[in-house]
Amino acid sequence: MVRVWFVGGIVAVIFWVYAIADCAFFDRSRIRGVSRGWWLAIIVLLPVIGGILWFLIGRGRAWRGRSGKTVAPDDDPEFLRGLKADADQDERIRRLEQELADLDGADSEQDPRDPRSHEPKPHDGPDASGEAGASGRPNG
């Protein structure tokens, strides 16, 4: 039974410290009821009950901090700006892909992945090694 009380006490202390930290760092505009200082006093003086009251009453919901009215996506300027940015980005990607395809088409005779494109082409001129060229005559 002692272990149960010990573990319960540890859990209560952790909850109490978490409630104090949450209240101290919570957005001031979303605190309901009394001011932050009073909530901290309630949590410190009534450790478990104060923390429970803070989470049930004092901590406002995220949706209450907004204006409260909903806006359709086609009426929301932020959403429309995001659509325009997406369309601009899609157009830029399309242009870059087209440029890449054009460059690939121009370099198709010398594909860097094709080992045959790097072989020297036969010619009739003198060879640097002094051997016979393509015409069969010795160089030199």
Check your understanding: Is there a residue being in contact with a Leu (Cβ under 9 Å, 6 or more places away or on another chain) and part of a helix (DSSP H, G or I) anywhere in the range 21-33?
Key -> yes
Exercise for review: For Asp88, state whether it is surrounded by 11 or more Cβ atoms within 10 Å (Cβ to Cβ) and at pLDDT 60 or above.
Suggested key: no
Study note, to complete from the structure: Contact list, first residue from the range 29-43 and at positive phi, second anywhere and at pLDDT below 90, beta-carbon distance below 7 Å, six or more apart or interchain, is Gly33/Ile57; Gly33/Gly58
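The values are calculated or read from the model by the stated rules, or taken from the named source; none is laboratory data. These numbers were taken from a predicted model, which means no experiment stands behind them. All Cβ positions, glycine included, derive from the backbone under ideal geometry; neighbour counts span all protein chains shown.
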